[in-house]
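Here the structure is laid out as structure tokens; the discussion comes afterwards.
The values are calculated or read from the model by the stated rules, or taken from the named source; none is laboratory data. Because the structure is predicted, anything quoted here is derived from the model rather than measured. Virtual Cβ from ideal backbone geometry, glycine too; neighbours counted across all protein chains shown.
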Amino acid sequence: MPQVFDEPLAQVSFGLSKIWPECFYWRGREHRVQGCCGEWTVAGRWWLGEGQRHFFRLVTQEGLTLDVCQDEMTGQWTLTAILD
Amino acid sequence: MGFVHLHVHSCFSLLEGAAPLEQLTETAAGLGMRALALTDHDGLYGAVRFHAAARSVGLKPIIGVELTVEPVAGTLSGDTHLVVLAQDNEGYRNLCQLVTAARLRDCRRCGPFAAEFQHLDRKRPLLTQQQLQRHASHLIALSGCGRGEIAQWLQAGDTMRAEKVAQYYRGLFGPGDFYIELQHLLLPPPQQHLRYKLADLAYRLGLPMVATNDVHYVTPDYARVQDVLLCIRHNKSVDEKVPERKVNHEYWLKPPEEMGRLFADLPQALRTTEEIAERCNWELDLDRLHLPRFALEAVDPKRCGHYPPPEPGEDSRWYLRRLCYAGARWRYGEISAEVGKRLEYELQVIEARNLSDYFLIVWDLVRFARSRGIRATGRGSAGDALVSYVLDITQADPLAHDLLFERFLNPERRGMPDIDVDFCSRRRDEVTAYVYERYGVDQVAAVCTLNTFRARAAVREVGKALGMDQAEIASLAKALPHMNATRLEEAARQLPELRDGPVDLRDKGLLLELCRQISGFPRHLSVHVGGLVIGAQPLTQLMPLEVAKKGIVIGAFDKDDIEALGLMKMDILGLRIHTAIADCLEHIATRTGRELDLESIPLDDAATFKLLRSTQTVGLFQLESPGQRNLLGRAQPREFEEIIANISLFRPGPVQADMIQPYLRRKHGLEPITYLHPALEPILRRTYGVIIYQEQVLQVAAAIAGFSLGQGDLLRRAMTSDRSPREMEALRAQFVEGAIGRGVDRYVANRIFDAIAGFAAYGFNKAHAACFGRIAYQTAYLKAHYPAEFLAGILSAQPMGFYPPRTIAEEAKRLGVRILPPCVNRSEQRFTVESIAPENGQERPKPVSPTGPKGGKGLGIRYGLSFLHGMSEAAVASILRARAERPFSSLRDFCQRTNVPRPMVENLILAQAFAFTGKTPAELLWSLAAMPAAEVADRRGYRGVQTLDFAEGECLDRLLPPLDPETAHGRVNLDLHLLGLSTGRHPFSFWRRELRQQGVVTSANIYRYRDGDRVRVAGIVVARARPPTRSGKTAVFISLEDETGLVDVACFEETYQRYGRIIVGSPVLFVEGKLVRQGALDISVTADAVLPLGAWGEATAQNPQDTVPTAARAFASKNWGR
């Protein structure tokens, strides 16, 4: 079962893909991304000023599979889930 | 890598797609694509425009449809979609057949109105597999989006059925013509795995794959527009769930690079898009006219009248010639050299363009109408042709009025001429039915109109979708003028009725922005007012057909598309004035026994011109608007040619270009009549040197620059459309060059060019004005000589014209004609005219108007039964049927012998329809109440009719005391509610004493005041216009009606900015301002202050002792004097 989160990511940087993050900090720890195994977007409630969120399913070098998303309006990155 | 979008929805996927066609094609071309497909849902509405838009930017257009089809392998919960693309023109024809089959289902067409169509679910087109099989050739099919049947079975986990469907479609379309469609729309898991399942199936079955993006908008910022459209479609708000709404905003026209990234793992699906684009070669045939053949053998000699019937073996060209020469002899007696030369020239042009059949079709239609006694007249530029005149299609002599054939049919310009014919609106359906019968139901359909989102509709629908307060939205929409939604934000800042209105627009940014984005999007199809398309072959070869409301079959292309395709469109328009005239002639014949022939009345009738000069033109065709009345007063016309000028001058263009002032000043000798060149004098003499008509532009170009009239028309058209400065300079050079060659000075030639360039855009088609002028003159003649009969006709033809029935009735009273209440023993279905004998020494009513016609004395207009509030057709028929046996002797007798429901009987009683019994309405109501149920029909079967339903009552309620038939006030109020007019006093007469105390002048007395005097006027608003002005500032012209007549009020920018909300929104006004007098009978008031009189009435009603109401006090406190 995935663990659900809603926590901001910091210092998100990109590699060659320029699409998904290569490295980010969560809870003060650096996480390096090995690959991306999924990508999707979900529209927000635009009439309330919410932007579309762009999700990536990333696998870190430590072997964690997690879902992160970026709010296309604010640019804010968030960790939304960690999958077993 | 190259990529072509093959699954694209434009805004012609009604209430779903949010991509304007031009934006689609321009963006695709900008992204370097060489082709683009259009695949709207179950329709080809955008096909013609898409073809033109794509070609204009160098794109190859591919036409297709996303069809809603019957599932192949079993029942699914929702619709199933399939995308089909036309490989060639044969494929396009099959698309038309498929869309028609999906929309008309199994219904058979058997005439203009088929009853079975009325039960068709128009919102849910569905194509059966049987129909698909019939027209599956020359098409390439894609398996569709997530709603495709294969995708749906795969999502349901039923691979077997998915494969069965895929194999079926491969068999149906052919192995190389069926593709599995893959989309990567970044959907959340598990939906995003669908494309792998589809790819897997394609590999297993050896089917080719193609990548698409199910485009619904061009750029992501239109995703919310698409979302709103879907909410509107499903009548939901954005907070509610709609399964069809998209999960994300990825359905845009992605560039090839982005598609390449998304399909990096399946590059062959991208390559396939280009292969398919290569295989699709569709072109619309825009170079040929597709005119139907006129079957000479079907001409009915009995309908030919004074025209000869066709002879055996004769062709349409020769027959048209014979008809024209016979018509010319009928019109002119002898065919003079001038007539012969002009006729021969026109016939040669018509023959060279293969248009003989077209003219015969129109002639035949008019003959049909004449043979049935249906009034019919041609309008528009068709009046420029002598051929139209001699064929009895138009009624104004082109030679007498300097009308030019080239303005109608330019030999130097391709294109289909357009002959519009107006018929009596009550009998228009008979003419339509004849067209279907004559040309076959397969070849005739009504033309559709694409209704687009404008400001009001956009605000209403977007506001509702955003979940805004309904009352707020309704109030805002009501306050909006008819305008484009793109101008909403600007209007919210500038228009006082919005700025100071009940809705605060400052926090409505999202609403206004969405309305701007949605502006101009097609919303739904409706039936064009009178257009019929007549094909040379079954119409489904060229366009899809569908059903509009009321069961009428329409072609799915609008009039512009039909013209572009070279199809014949006939405008069979219903004109209510014809209905009114027909009724009027009938009344005249009944009363006087005289069969008046309006085509032979003198065009210089003194009484008619006297009426026109008096400006008492309420009810007249084209000459009754406040602006026209004002112009008539200033122009004081004395000949028919001036009526044509008046009709042409009071148009937005001439008003904006300020052509009226110089025309009038020169006409009245207040400024000299000058011409820039002597050669212009014969052309402009009749209009005092002012260019008014389009025909004059052609003549000037011919006389000065040596252009042919056809070239002159091209010049006029070029000047009318938007031209770049460079193009205008090229036209100028050509004109000036020609002029110099004819000895005209360069400076003068340039000035003449400037003059016609300035007027070309505004000039009016004289032929149209002449055609309408004839009818206008006829109505003036009828009103001058037979006011009672004429106004009875106008009342029966309501709604029409500028004024409500109440105003027409008041006009009748002013002319000495009494308005008689309905009577069950005397009233007919429509208004009729009765002679009134003086009652017991009472004098006949005298005309109030000092200048009006006197022919109404001793006559009354009897109210028509079918116009009574709540009256049904069945009830009227029942009354007339019973009365034909013998007159009703009492209320009981009436109730026993008719099936009129009780609520309607109550209305009849209150409207005085039983006055002949000698009992009061109260007594009769008591009698009715006491009558046994078995003797009066109940209300069952007449649902919707309520007893005394005054909910829709006007604000006049507030001016008048409660409904009480026993008092004069109550009588008027009841009349207004039940009859829509007052049979007795005008409501304002009850307030005259108070109004006089406030210095309010009646409209009859205003003539006593001088130019510049300060006056106060008050009345009911009967007409309100906001024409464009030359300065761009706002001017609102209002006609106020009191018990003595009409007074015109002008509210200019400053007043409008201050009182805009009242001026636009209040139905009864109290105005203070300056009197402007420009002629003996041209009087108006320029308003400084405007108050809603309703507020005054309300205040008084609450406090009857208050003889000086609050609003009036506000006026009284101001310093003013005269």
Scan region B:144-180 residue by residue and report those that are closer than 20 Å to B:Glu244 by Cβ, in a helix (DSSP H, G or I) and touching a Ser or Thr at 6+ places or on another chain (Cβ under 9 Å). B:Glu149, B:Ile150, B:Ala151, B:Gln152, B:Trp153
Criterion first (over 24 Å from B:Asp500 (Cα atoms), aliphatic (A, V, I, L, M) and surrounded by fewer than 23 Cβ atoms within 10 Å (Cβ to Cβ)) does B:Ala1025 satisfy it? no
For A:Gly49, indicate whether it is exposed (fewer than 12 other Cβ atoms within 10 Å of the Cβ), small (Gly, Ala, Ser) and at the interface with another protein chain (Cβ under 10 Å from one of its Cβ atoms). yes
One residue from B:Asp384, B:Asp402, B:Asp397 being modelled with pLDDT of 90 or more, crowded, with 22+ Cβ neighbours inside 10 Å and acidic (Asp, Glu): B:Asp384
Name the single residue, out of those in region B:492-532 being of a type in the set (Gly, Ala, Ser) and without any contact (Cβ under 8 Å) to a residue 60 or more places away in the chain, that is nearest to B:Gly1060 (Cα to Cα). B:Ala492
Do any residues in region B:432-452 that are farther than 17 Å from B:Asp420 by Cα have Cβ atoms under 7 Å from those of residues that are among the charged types (D, E, K, R), where the two are at least six apart or on different chains, and which pairs are they? B:Val441/B:Arg109; B:Leu450/B:Asp558; B:Asn451/B:Arg523; B:Thr452/B:Arg523
Cβ contacts < 7 Å: first residue within 14 Å of chain B (Cβ to nearest Cβ), restricted to region A:7-23; second residue in a loop (DSSP other than H, G, I, E, B) and aromatic (Phe, Trp, Tyr), any location; separation 6+ or different chain. Result? none
If you check B:Asp227 against the conditions, is it closer than 30 Å to A:Arg45 by Cα, assigned to a helix (DSSP H, G or I), acidic (Asp, Glu) and within 13 Å of another protein chain (Cβ to nearest Cβ)? yes
Is one or more of the residues making up region B:194-206 touching a Gly at 6+ places or on another chain (Cβ under 7 Å) and at pLDDT below 95? yes
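One line per residue, one yes/no per condition, for (1) crowded, with 18+ Cβ neighbours inside 10 Å; (2) more than 21 Å from the chain's Cα centre (by Cα); (3) at pLDDT 90 or above:
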position: B:Phe408; (1), (2), (3): yes, yes, yes
position: B:Glu412; (1), (2), (3): no, yes, no
position: B:Asp418; (1), (2), (3): no, no, no
position: B:Ser425; (1), (2), (3): yes, no, yes
position: B:Thr432; (1), (2), (3): yes, no, yes
position: B:Cys448; (1), (2), (3): yes, no, yes
Among the hydrophobic types (A, V, I, L, M, F, W, C), farther than 30 Å from B:Leu514 by Cβ and more than 14 Å from chain B (Cβ to nearest Cβ) - does that describe any residue in region A:25-36? yes
Taking region B:631-677, which residues are without any contact (Cβ under 8 Å) to a residue 12 or more places away in the chain and touching a helix residue (DSSP H, G or I) at 6+ places or on another chain (Cβ under 6 Å)? B:Glu671
Residue satisfying condition, being of a type in the set (Ser, Thr, Tyr) and away from every other protein chain (no Cβ under 14 Å), within set A:Thr60, A:Thr65, A:Thr80: A:Thr60
Taking the condition among the hydrophobic types (A, V, I, L, M, F, W, C) and touching a strand residue (DSSP E or B) at 6+ places or on another chain (Cβ under 7 Å), does B:Leu76 pass? no
From the option list B:Tyr781, B:Tyr747, single residue qualifying as among the aromatic types (Phe, Trp, Tyr), out of contact with any helix residue (DSSP H, G or I) (no Cβ under 9 Å at 6 or more places or on another chain) and either part of a helix (DSSP H, G or I) or modelled with pLDDT of 90 or more (or both) is B:Tyr747
For a quick check of your reading: which helices (runs of 4 or more DSSP H) sit entirely within region B:590-688 and have at least 2 residues that are surrounded by fewer than 18 Cβ atoms within 10 Å (Cβ to Cβ)? B:606-614, B:652-656, B:660-667, B:681-684
Has region B:193-216 got any residue that is within 36 Å of the chain's Cα centre (by Cα), within 12 Å of chain A (Cβ to nearest Cβ) and surrounded by fewer than 21 Cβ atoms within 10 Å (Cβ to Cβ)? no
Residue set B:Glu437, B:Glu472, B:Glu489, B:Glu461; condition crowded, with 21+ Cβ neighbours inside 10 Å and more than 21 Å from the chain's Cα centre (by Cα); output residue B:Glu461
From A:Phe24, A:Phe14, A:Phe5, residue being closer than 23 Å to B:Glu257 by Cα and not polar (S, T, N, Q): A:Phe14
Taking region B:231-246 as the region of interest, how many residues are under 33 Å from the mean Cα position of the chain (by Cα) and away from chain A (no Cβ under 12 Å)? 5
Being without any contact (Cβ under 8 Å) to a residue 40 or more places away in the chain and part of a loop (DSSP other than H, G, I, E, B) is the filter here; which residues of region B:245-290 pass it? B:Arg245, B:Lys246, B:His249, B:Ala264, B:Asp265
Could you figure out which of (1) within 13 Å of another protein chain (Cβ to nearest Cβ); (2) over 21 Å from B:Lys246 (Cα atoms); (3) surrounded by 17 or more Cβ atoms within 10 Å (Cβ to Cβ); (4) of a type outside the set (D, E, K, R) isn't true of A:Trp40? (2)
Can you pull out the residues in region B:1026-1042 that are touching a strand residue (DSSP E or B) at 6+ places or on another chain (Cβ under 9 Å) and assigned to a loop (DSSP other than H, G, I, E, B)? B:Arg1026, B:Pro1027, B:Thr1034, B:Ala1035
Residues within region B:39-67 that are touching a residue at least 24 places away in the same chain (Cβ under 8 Å), farther than 19 Å from B:Pro522 by Cβ and surrounded by fewer than 20 Cβ atoms within 10 Å (Cβ to Cβ), tallied: 4
Just to be sure before I move on: is B:Pro292 of a type outside the set (Lys, Arg), over 35 Å from the mean Cα position of the chain (by Cα) and at pLDDT below 95 in the structure I sent? no
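Matching residues to (1) within 14 Å of chain A (Cβ to nearest Cβ); (2) modelled with pLDDT of 90 or more; (3) part of a helix (DSSP H, G or I):
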position	(1), (2), (3)
B:Leu498	no, no, yes
B:Val503	no, no, no
B:Leu514	yes, yes, yes
B:Gln517	yes, yes, yes
B:Leu525	no, no, no
Take the residues of region B:247-270 that are surrounded by 17 or more Cβ atoms within 10 Å (Cβ to Cβ) and either of a type in the set (D, E, K, R) or within 14 Å of chain A (Cβ to nearest Cβ) (or both): which is farthest from B:Glu461 (Cα to Cα)? B:Phe263
Selection from region B:712-730 of residues that are touching a residue at least 60 places away in the same chain (Cβ under 8 Å) and surrounded by fewer than 21 Cβ atoms within 10 Å (Cβ to Cβ): B:Leu714, B:Arg717
